[in-house]
Amino acid sequence: MRNLALAVITATVVLGGCTLPTVSGTPMVAPDSIFEAPMVRLTEKGVTLRKVNQPVYCRGEVAGLYGTRPQYVKVNPPVKQAHGLTTIEGEVDRGSEGITKFACRYDAKGTFIGVKLQE
């Protein structure tokens, strides 16, 4: 214990005149939002999701598909289709390439089928 106290005092005396370097420039800014992927269950067909997590998963898939951030992907509420299929339509802002419309599709059990581009 005595050696530890002696080391702290020595370090304080040696570094007493030093100051921490300052950083000039633009301060770091936290992102607008942090994307958290929903909990999923993998099956042999794909990812099975609860209905409340489907829009979030769709945003993530489309953002990855186009190499953009999820905040640039807008999705509409899920719509039940015939035979139990669920479709989530939306659009992604691709900057200078314009806006692209898409639809994420899920089967009756909530398994992700894929993203279909719309014209």
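With respect to the stated conditions, residue 56 is among the aliphatic types (A, V, I, L, M) and surrounded by 13 or more Cβ atoms within 10 Å (Cβ to Cβ).
Count of region 92-105 residues, restricted to those that are among the acidic types (Asp, Glu) and not in a strand (DSSP E or B), is 1.
Of all residues in region 70-91, which are touching a residue at least 24 places away in the same chain (Cβ under 8 Å), outside any strand (DSSP E or B) and farther than 18 Å from residue 50 by Cβ? The answer is 70, 71, 83. Among residues of region 48-69 that are touching a residue at least 24 places away in the same chain (Cβ under 8 Å) and in a helix (DSSP H, G or I), those with a Cβ under 8 angstrom from a residue that is hydroxyl-bearing (Ser, Thr, Tyr) and surrounded by 15 or more Cβ atoms within 10 Å (Cβ to Cβ), sequence gap 6+ or separate chain, pair up as 51/86; 54/86; 54/106; 63/72; 66/100.
Residues checked against (1) modelled with pLDDT of 90 or more; (2) among the hydroxyl-bearing types (Ser, Thr, Tyr):
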position: 21; (1), (2): no, no
position: 24; (1), (2): no, yes
position: 28; (1), (2): no, no
position: 52; (1), (2): no, no
position: 72; (1), (2): yes, yes
position: 76; (1), (2): yes, no
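The numbered conditions (1) assigned to a loop (DSSP other than H, G, I, E, B); (2) surrounded by 12 or more Cβ atoms within 10 Å (Cβ to Cβ); (3) of a type outside the set (Ser, Thr, Tyr); (4) at pLDDT 90 or above are all true for residue 35 except (4). In region 89-108, what residues are surrounded by 15 or more Cβ atoms within 10 Å (Cβ to Cβ), farther than 11 Å from residue 74 by Cβ and of a type in the set (A, V, I, L, M)? Passing the criteria: only 103.
The values are calculated or read from the model by the stated rules, or taken from the named source; none is laboratory data. These figures come from a predicted structure and were not determined experimentally. Positions of Cβ are backbone-derived with ideal geometry, glycine not excepted, and every protein chain shown enters the neighbour counts.
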